[in-house]
1. From the residues in region 163-190 that are crowded, with 16+ Cβ neighbours inside 10 Å and under 19 Å from the mean Cα position of the chain (by Cα), which one is modelled with the lowest pLDDT?
2. Please work out if Glu245 is touching a Phe, Trp or Tyr at 6+ places or on another chain (Cβ under 8 Å), within 25 Å of Ala121 (Cα to Cα) and outside the structural domain of Ile139 (by TED's automatic domain parsing).
3. Can you confirm whether region 231-241 contains a residue that is within 17 Å of Val194 (Cβ to Cβ), part of a loop (DSSP other than H, G, I, E, B) and either of a type outside the set (A, V, I, L, M) or under 18 Å from the mean Cα position of the chain (by Cα) (or both)?
4. Is region 206-225 home to any residue that is over 23 Å from Lys289 (Cβ atoms) and among the hydroxyl-bearing types (Ser, Thr, Tyr)?
5. Among the residues of region 272-281, is there at least one that is among the polar types (S, T, N, Q) and under 24 Å from Trp372 (Cα atoms)?
6. Go through Pro214, Pro261 for me and flag whichever is modelled with pLDDT under 95, touching a Phe, Trp or Tyr at 6+ places or on another chain (Cβ under 6 Å) and of a type outside the set (A, V, I, L, M).
7. Which one of Ala390, Ala409 is under 26 Å from the mean Cα position of the chain (by Cα), farther than 27 Å from Leu299 by Cβ, assigned to a helix (DSSP H, G or I) and aliphatic (A, V, I, L, M)?
8. For region 353-365, state whether one or more residues are free of Cβ contacts under 8 Å to residues at least 24 places away in the same chain, surrounded by fewer than 18 Cβ atoms within 10 Å (Cβ to Cβ), in contact with a helix residue (DSSP H, G or I) (Cβ under 7 Å, 6 or more places away or on another chain) and hydroxyl-bearing (Ser, Thr, Tyr).
Amino acid sequence: MSGATHKTIATVWRMESTRLIGGLMRLVRDISLAEDLAQDALVAALEQWPQSGAPDNPGAWLMAAAKHRAIDRIRRNEMSTRKHDELGQEQELRQLLLLPDSETLLDDSVGDDVLRLIFIACHPVLSNDARVALTLRLIAGLSTDEIARAFLASEATIAQRIVRAKRSLTAAKVPFEVPAANDLAARLASVLGVIYLVFNEGYAATAGDDWMRPQLCEEALRLGRVLGALMPQQAEVQGLLALMEIQASRMPARTDAQGDPILLLEQDRARWNRLAIRRGLAALGKAEKLGGAFGPYALQAAIAACHARATVAADTDWPRIAALYDALAQLSPSPVIELNRAMAVAMAFGAESGLAIADALLDEPALANYHWLPSLRADLLFKLGRRAQAADEFRRAAALTRNAREQAALNRRAVECEPLD
């Protein structure tokens, strides 16, 4: 197979796999079977397209191939002994013989099918780890190997996680539907939380040799845009989309030529993506018009917007950012938000004020191994002239992080903080 053909198939699969699996789920009502049939269709494309060329409508071609594979399975089953409890599923599959053409199947309720699939992958019955793995597999179209590499886990671990997630969904008899209005809030919060977790892992990698993993940010943004188009009246969906767009706008300026991190206040803002900023501000405006200005994602987006609107770091409206963090801390109190508030207060009202808030978090169990706490304290101690203490805190932060780039940067800061002779 030529490299061009393989690239074409890979691109088509990334674009069409979610709609394909969603459409198949509507037919067979079994997440594992739907994915198996979609994979069968991909294999067929790998076998046939190098000779025949890519079809004019690759999505419909893949759906037709998946339908034919389902029919083939029925015929194979008819030639072997089957358990009685398999007959019900087989009867459903037989209906494939009576369904409309594949292009109609793919186009009908495409939005609903994708939305249902998102809610299934992020169902609260699953653990966060399982939701992330299943979301990246079914919605983002990443392979098991790609997911494993993204989160520095073994392929076997990720494969088991995905299998267990599917079994959990089957055992819970999760229906293929968008939840009813009274369940929507909890389910939507789960969906948004998973998407933002994926984005954050790409934006500031937990471990590994790279400061960022742009592919994860791109996939999270794609999911956010899909969700924003499918649920345009949900304020928090628009708020999350705004937050991710504005944060992603900084990515070109977040590392130097060697891949080392550049902190926010030191970034060349001319390198920020202005189109992404405009998209983010537009989504934030939608969230506010929908009455969601004080939702947790919209508040974070409003904070990001303060940075985006400042053409130079000195123009940043830190008092407003501190006020927004005050509101966020009241809405969703957490040690991490309080730590961010400490930084904003320090920038707005002085390092001593921020350090007082950070020091109050020293006995917080949730932050015991969180490297950003000693990192912030080190920076504030340095500003207050307490260089030896700052150096110790930077070293402690370096020892806590598992990201090689970040660790090196923190150790350099520690050396810079050594007391002057």
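1. Arg187
2. Considered against the rule, which asks whether it is touching a Phe, Trp or Tyr at 6+ places or on another chain (Cβ under 8 Å), within 25 Å of Ala121 (Cα to Cα) and outside the structural domain of Ile139 (by TED's automatic domain parsing), Glu245 comes out as no.
3. Yes, region 231-241 has at least one match.
4. yes
5. no
6. Criteria check complete, one pass: Pro261.
7. Ala409 is the lone residue from the list that is under 26 Å from the mean Cα position of the chain (by Cα), farther than 27 Å from Leu299 by Cβ, assigned to a helix (DSSP H, G or I) and aliphatic (A, V, I, L, M).
8. So far as region 353-365 goes, yes, one or more of its residues are free of Cβ contacts under 8 Å to residues at least 24 places away in the same chain, surrounded by fewer than 18 Cβ atoms within 10 Å (Cβ to Cβ), in contact with a helix residue (DSSP H, G or I) (Cβ under 7 Å, 6 or more places away or on another chain) and hydroxyl-bearing (Ser, Thr, Tyr).
The values are calculated or read from the model by the stated rules, or taken from the named source; none is laboratory data. Here the structure is a predicted model, which means the values were calculated and not measured. As a convention, Cβ positions derive from the backbone with ideal geometry for all residues, glycine included, and neighbour counts pool all protein chains shown.
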